[in-house]
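Worksheet: the structure to be examined is printed underneath.
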Amino acid sequence: MSEKILVCVAWPYANGSLHTGQIVGAYLPADIFARYQRALGNQVIMVSGSDQHGTPVTVRAEAEGLPPENLAGRFHAEFLESWQRLGITFDLFTTTGTENHARTAQDIFLRLLERDHIYPASMSLPYCAKDDRFLPDRYVEGTCPACGYDNARGDQCDNCGRTLNAPDLLDPRCKICGSTPEWREEEHFFLRLSAFNERLKQWVSSQKHWRKAVANWTLGILNEGLQDRAITRDIDWGIAIPVEGWESKRIYVWFEAVIGYLSASREWAERAGEPEAWREFWLDPSARSYYFIGKDNIPFHTLIWPAMLMGYSEGEEKYNLPYDVPANQYQTVRGSKASTSQRLAVWVPDYLSRYDPDPLRYYLSVNMPETSDADFSWGDFVRRNNDELVATWGNLVNRVLTFTYRNFEGSVPAPAAVTAADSALLAKAEGALAATGENIGLCRFRAGLESAMAVAREANRYVEENAPWSLVKEDRERCATVLHTALGVIAALKTALYPYLPFTCQQLHGFLGNEGPVEAAGWRSVIPQPGQPLAEPKPLFRKLDPAIVEEEEARLGQ
Ligand SMILES: [Zn+2]
Ligand SMILES: [Zn+2]
């Protein structure tokens, strides 16, 4: 039976180009997962959008002397192009700047206020006398009280992932002028997170399928006890607070951006011409929602958003809580976390200006930081491209297809007597297809890829041992059987590898004589029919010159 799967992906701040750390952290695993679910025949919506608000955007806009909407608009357009060129298949990638999003966020705000989950209170905030302004979140920096990192910000520590409040910072300083802020009392709205502590603990404890690191980190925070947090700020860029007398403040981004998953689902339904279709993904308890994020976003998705949904669901409609939050660890570059603010990263538009998307998707999948941080290394990228994509999978496809096309009139040869070894290899390919699917379904993306690549290696040995180039002269029937077997294996692996390598697997789908998208053929292996015409094959991958490693390494950090 077809299932409903909601794929939610982190909202990138529209304040800089995307880097490979963000791609491997959230967008690529989400896309692999969504492609697999679609091929299975499930109903999938994959949503996200640019986060236009918040101090990360205003800090950079001020530095460039631009209005924040211009900066956000520029990067939103760039994100859309990156998704298309990398093959990240959103059903909707919108922004937090839409009226629909503001309406949805204000509705949730008011509902929580009515139920006393939000309340006003006064708090002490950093204020820069020199700049004559409050210093919300990223406008104040200092030392993290938990890990000692000295570039922690007023909202979060990038080093240990902990969410912070400005008063927690040791040695705070103004981001704009560097001076030490004074403290002023100011009234703000707070989310009563403390009241959800026990309910969240019960809920998280029962999520046995979550990644250990995600569940343990969340339970650790819950065992310390959640603190109420201010959800409004002294800025003029963002969503208005729908309460009279609060016109000079805005709803803060970490309260509002997570609501984007719901508002984007509504916008998707509206655009699809079925304005109520989002309800099945949010209110039907059999629908499952997966939140693909990097580990720095864990608190927003396992604590704050679920608490908001619990409070919002106290009426008649019960909104689904996240089914899984498969957060990844960090990608590192030269041992440091890849980061937009530090400029130490491999930038997506820059990568795509020189190389193809599938080799990056392959390298990032093989090296995905599922359980621990993983380093991006150009040397490793080139080696894996040349040894694994070109010499293993690409070589298998290229020599079998080219040889068959040239020697069997451009069509699938008819097999004669099939040996035990032929059947065994075909059975392994079928097994790999099933294992890859199962692993992707459980968000074990590295394991899924390895299941398929192991059979590609074995099929290469099979072709080597059976040497169809000799058989074609000595025993044409046996040659046809060997090629037919190899084509069957290639057809199965094409489907298994498709979520990882969508561009080249789609090409291969065509070489094998198929029409339409790979996805439409379903998650099953179809043995090519004897006599089926093949299309003239071309190499799927290109070998990279190891000399590029030095050039690319020199570009890092620029
Ligand atoms: Zn820290
Ligand atoms: Zn200042």
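The values are calculated or read from the model by the stated rules, or taken from the named source; none is laboratory data. In this text, all values refer to a predicted model and were calculated from it rather than measured experimentally. With ideal geometry, Cβ positions are generated from the backbone for all residues, glycine too; neighbour counts draw on all protein chains shown. When the accessible area is computed, the model is the full protein with side chains, heavy atoms only, and any ligands, DNA or RNA have been set aside. Shrake-Rupley method; radii C 1.70, N 1.55, O 1.52, S 1.80 Å.
Its relative contact order, with pairs defined as Cα atoms under 8 Å and 6+ residues apart, puts the range 81-220 at 21 percent.
With N set to the number of residues, divide the alpha-carbon radius of gyration of the range 330-485 by 2.2 N^0.38 Å and report two decimals.
1.31
For ARG133, the amide hydrogen comes within under 5 Å of the amide hydrogens of CYS128, counting only partners 5 or more places away or on other chains and with H modelled in the peptide plane. To put it simply, the accessible area of the chain at a 1.4 Å probe is 48 percent carbon and sulfur. How would you classify the range 1-109 from its alpha-carbon gyration tensor, with a ≥ b ≥ c the square roots of the eigenvalues: rounded for a/c under 1.5, else prolate if a/b is greater than b/c, otherwise oblate? Oblate is the answer for the range 1-109, as a/c is 1.5 or above yet b/c matches or exceeds a/b. For the range 64-93 versus the range 481-508, the spacing of their alpha-carbon centroids is 33 Å. Computed from the alpha carbon positions, the gyration tensor of the range 180-261 leads to an equivalent ellipsoid with semi-axes of 31, 15, 12 Å, biggest first. Residue by residue, the range 361-371 carries 3J(HN,Hα) couplings of 4, 5, 4, 5, 5, 4, 10, 6, x, 6, 10 Hz when phi is fed to the Karplus relation 6.51 cos²θ - 1.76 cosθ + 1.60 (θ = phi - 60°); x denotes Gly or Pro. With a Förster radius of 30 Å applied to the C-beta separation of ALA63 and MET123, the computed FRET efficiency comes to 0.65. With the biggest extent put first, the Cα atoms of the range 287-385 measure 55, 27, 25 Å across the principal axes. If I ignore ligands, DNA and RNA and count only protein heavy atoms, how much of VAL526 is accessible to a 1.4 Å probe, in Å² to the nearest 10? That residue has around 80 Å² of solvent-accessible surface.
When nucleic acids and ligands are ignored and a 1.4 Å probe is applied, TYR462 ends up with an accessible area of around 20 Å². Using bins of 10 Å that start at zero, the share of Cα-Cα pairs per bin across the range 423-494 amounts to 21, 44, 23, 9, 2, in whole %. Using 5 Å bins from zero, what percent of all Cα-Cα pairs in the range 218-365 falls into each bin? The percentages, shortest bin first, are 2, 7, 11, 14, 16, 16, 15, 10, 6, 2, 0.
Computed from the Cα positions only, the extents of the range 452-558 along the three principal axes stand at 58, 35, 26 Å, in decreasing order. Relative contact order of the range 448-525, taken over Cα pairs closer than 8 Å and 6 or more residues apart, is 28 percent.
Indicate the gyration tensor shape class of the range 342-385 (rounded, prolate or oblate), computed on the Cα atoms with a ≥ b ≥ c the square roots of the eigenvalues: a/c under 1.5 is rounded; otherwise a/b larger than b/c is prolate and the rest oblate. Because a/c hits 1.5 or more and a/b fails to exceed b/c, the range 342-385 counts as oblate.
Going from most exposed to least, what order do ASP358, ASP158 have by accessible area with a 1.4 Å probe?
Working: ASP358 5, ASP158 35 Å².
Result, largest first: ASP158, ASP358.
Only protein heavy atoms count here; on that basis, with a 1.4 Å probe, LEU442 has an accessible area of about 90 Å².
Applying the criteria of a DSSP loop state and at most 14 other Cβ atoms within 10 Å to the trypsin sites (Lys or Arg not before Pro) of the range 476-513 yields no site. For SER411, the amide hydrogen comes within under 5 Å of the amide hydrogens of LEU534, counting only partners 5 or more places away or on other chains and with H modelled in the peptide plane.
Put simply, the amide H of SER50, placed in the peptide plane, has neighbours under 5 Å in THR94, THR95, THR96, leaving out anything fewer than 5 places away on its chain.
The HN-Hα couplings worked out from phi for the range 173-184 by the Karplus form 6.51 cos²θ - 1.76 cosθ + 1.60 (θ = phi - 60°) are 9, 5, 5, 7, 10, x, 7, 7, x, 9, 10, 10 Hz, whole numbers, x standing for Gly and Pro.
For the range 51-106, how big is Rg over Rh, using alpha carbon atoms and the Kirkwood form of Rh? Checking Rg against Rh, the ratio lands at 1.02. Computed over all pairs of different Cα atoms, the Kirkwood value for the hydrodynamic radius of the range 71-138 is 16.1 Å. If only the Cβ of Lys and Arg carry +1 and only the Cβ of Asp and Glu carry -1, the dipole of the chain around its Cα centre is close to 1240 debye. Tell me, how many Å apart are the Cα centres for the range 440-477 and for the range 1-53? Centre-to-centre (Cα) distance: 31 Å. Placing a label point 7 Å from the Cα of ASP373 along the Cα-to-Cβ direction, the residues of the range 281-316 whose backbone N falls under 17 Å of that point are 294-298. Computed over the alpha-carbon atoms, the chain gives an Rg to Rh ratio of 1.03, Rh here being the Kirkwood radius from the mean inverse distance. Quick note on the range 1-55: its Rg to Rh ratio, both from C-alpha atoms and Rh being the Kirkwood radius, is 1.07. Applying 0.36 nm per residue to the separation of LEU219 and ASP545 and subtracting their alpha-carbon distance, the gain on full extension is 112.6 nm. Measure nothing but the geometry: give the 0 to 90° angle between the long axis through the Cα atoms of 395-407 and the longest principal axis through the Cα atoms of the chain, rounded to 10°. The answer is roughly 40 degrees. The P(r) of the range 141-223 has a tail past 23 Å containing 40 percent of all C-alpha pairs.
FRET efficiency for the pair VAL526 and ASP107, taken as 1/(1 + (r/R0)^6) with r the Cβ-Cβ distance and R0 = 45 Å, rounds to 0.40.
Estimated from the Cβ-Cβ distance and a Förster radius of 41 angstrom, the FRET efficiency linking THR402 and SER2 is about 0.60. Projected area of the range 468-514, taken from the Cα convex hull and averaged over every viewing direction, in nm²? Dividing the Cα hull surface by four gives the mean projection, 3.5 nm².
Its Cα gyration tensor gives the range 498-554 an equivalent ellipsoid; the semi-axes, largest first and in whole Å, are 32, 14, 8. Each Cα pair under 8 Å and six or more residues apart adds its separation to the average, and for the chain the resulting relative contact order is 16 percent.
Quick one: putting +1 on the C-beta of Lys and Arg, -1 on the C-beta of Asp and Glu, what dipole do you get for the range 403-558 around its Cα centre, in Debye to the nearest 20?
180
Cα centroids of the range 249-292 and the range 518-558: 35 Å apart.
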